[in-house]
Amino acid sequence: MEQKEKDWWDKAAIILEPVGGMLAALAVACLGLFGSQFLAKRQSEETKARFYSELISKREEADSALRKDMFMSIIQSFLKPESTSIDDRIVKLELLAYNFHESLNLKPLFTQLATDISRSNAPTKREQADRLEKVAREVVRKEMVVLEGVGASYERTIDFDDVAKSPGGLALEPGKLTLEGITREFSVVVKKVDPATRELQVRLEVRTPREGSKEVDTDDAEFWTDYFDFPMIDHTRLSHDQRCAVVVKNFGKASARIGLVCFPGSYASLKEKPYIQEMIKDLLGAKEVSEADKR
């Protein structure tokens, strides 16, 4: 039989067939190499992440143990004032305030120590009172820096003569603050001033518009405040897991300066836990937002 003459495609197939096999083998080899490198890199990253997590966990455990031992040692000695001097108690209160101000209500200790200083006959009682006040103001300043960074705030000046001339209390200029999409109006009325203890009796009124309505919800509270009220601890609970605090920033002979801050409840002290209803509402709200995004 006459042999069919090979055309160009037949000749190309003869040349490219072994090349194609080599390319396929090379592709399989490269895939295996890259796959093994990827798995090795992934395993290395997981090992590093696990090691880092364990390191952080151990460091937190050591820090918690140290803070626990320090707290127990200080608080046990602080609760025995007859065995220590006022200067020693101030040092211990400084340690408590600077290390545990976010989780403990230290106002009773500050108040008691301030009372003891005022009753003492020590020649350094003025210096001791100033030092105690300095500690409290520094703690308030640190907490306000954090809360103002995540919330909203404003300040007002109080003239003591104006308070004395106002029988029902001096109404300060209201302020509107917006936090997490919620706008509230905050009004403060200063009812009394106690220069001896450097305290202010104030009435706080918070007006919050209802969603989808022209009606307004009103919350009010009346309390005394001074340098020893720390905003992360001493505050007023608002709706939507938010908080509001009034702090004394400066107290002079004729006037005082206060600050009002509204902040998320997650930045309150560790003892402040959200209610179950608020947690359920937040979860349902997050679920609705997620479903809306899907649609």
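The values are calculated or read from the model by the stated rules, or taken from the named source; none is laboratory data. Quick caveat, the model's predicted, so the values are computed rather than measured. Every residue, glycine among them, receives a Cβ derived from its backbone with ideal geometry; neighbour counts consider all protein chains shown.
Quick rundown of the values:
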item	result
Residue ID - modelled with the lowest pLDDT, chosen from residues in region 256-284 that are charged (D, E, K, R) and under 26 Å from VAL135 (Cβ atoms)	LYS271
Evaluation of ALA196 against (1) within 27 Å of the chain's Cα centre (by Cα); (2) modelled with pLDDT under 90; (3) assigned to a loop (DSSP other than H, G, I, E, B); (4) not aromatic (Phe, Trp, Tyr) (one fails), failing number	(1)
One residue from ASP87, ASP130 being among the charged types (D, E, K, R), at pLDDT below 90 and either part of a helix (DSSP H, G or I) or surrounded by 13 or more Cβ atoms within 10 Å (Cβ to Cβ) (or both)	ASP87
Enumeration of residues in region 218-272 that are of a type in the set (Lys, Arg) and within 20 Å of the chain's Cα centre (by Cα)	ARG237, ARG243, LYS249, LYS271
Hits in region 160-179 (condition: under 28 Å from the mean Cα position of the chain (by Cα), exposed (fewer than 13 other Cβ atoms within 10 Å of the Cβ) and not in a strand (DSSP E or B))	GLU173
Residues within region 224-260 that are more than 16 Å from THR208 (Cα to Cα) and among the hydroxyl-bearing types (Ser, Thr, Tyr), tallied	3
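Quick grid of which residues meet (1) in a helix (DSSP H, G or I); (2) buried (at least 16 other Cβ atoms within 10 Å of the Cβ):
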residue: LYS92; (1), (2): yes, yes
residue: TYR98; (1), (2): yes, no
residue: SER103; (1), (2): no, no
residue: ASP116; (1), (2): yes, no
residue: ALA122; (1), (2): no, no
residue: LYS134; (1), (2): yes, no
residue: VAL139; (1), (2): yes, yes
residue: MET144; (1), (2): yes, yes
